[in-house]
Amino acid sequence: MPRILLLVPMSQGASQAQLRSLDMSEGDLQVVARAVAGAWSSTGTLHDAMLEDLAVFGAGVVSPEEGFDAVCVHSLSEGGATALRSVLDVPVLQTARTGFLQALTLGLRVGALVESAADAVRLHVALRQWGLDRQCSGVRVVAEDLPSRKEGAQRCVDVDGAEVLCVFSTAPQAELEDMAVHAGCPVVNPAAVTCRMAATFIATGLTHGRVAAPPPIVPKLAVLQAMAHAGQP
């Protein structure tokens, strides 16, 4: 049975219910959602994103020793996943980019819903880095409740011209399905899509190569792990 580690950077006040909503285990696939403690919050800055990357690296670098066949990072920041690819041989995927790219198979203009203004800034930065900003119809900030998400989804479609939506939150799958019916367009759950993609890579024997993710010339894993531990609250 493929085992996937889903790393979820969270603030100290994050609920266990949010973490349980990301349990994608199904049939012959086991997904372990694990909170990553660090100097991070939903209202954090790019400075906090850097600390998040360190925390993600520290949590993911030991994943092969724990028997995981792939690592997925549920984050708007690519840095932690990029660093892990340089030292791991198993597939390492990041939910924001994977979810957005898969959304583009369902429509040409993708709208995004996030939970804070800081998240919106980080997503805009990431989309520019990935060359996907022109395919984004807009990023809207919504509160963490279903009525607000449904209203934001409708505005993405009616005002921004989105053809498909990506919801970057820990919303339960049932809520996303309700949003899709309300908005009249597909709603992509980046975490779910990324875990399924990781399972496909495992089944087909695919992972990143060393041309795209060169190994470190002088490995300093202990140093990075110590830095990640020091950044935790």
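Couple of notes before you dig in:
- Extension gain for S25-T105 works out to 26.4 nm (0.36 nm per residue, less the C-alpha to C-alpha distance).
- Amide H contacts of Q94: V73, each under 5 Å away and 5 or more positions distant or on a separate chain (H built 1.01 Å from N in the peptide plane; Pro and chain starts excluded).
- Contour excess over end-to-end distance, with Cα ends at E177 and V159 and 0.36 nm allotted per residue: 4.4 nm
- Mean-position separation - Cα centroids, the stretch 144-184 and the stretch 118-132, in angstrom: 19 Å
- Summed residue charge, Cβ within 13 Å of E52's Cβ, Lys/Arg positive, Asp/Glu negative: -3
- Note on A212/E144: beta-carbon distance plugged into 1/(1 + (r/R0)^6) with R0 of 41 Å gives a FRET efficiency of 0.70.
- Note on H47 and E66: the model spin-label points, each 7 Å out from Cα along the C-beta direction, lie 3.0 nm apart.
No lab work stands behind these numbers, since they all come straight from the coordinates. Bear in mind the structure is a predicted one, so any value in this text is a computation, not a measurement. Cβ: placed from backbone, ideal geometry, glycine included. Neighbour counts: every protein chain shown.
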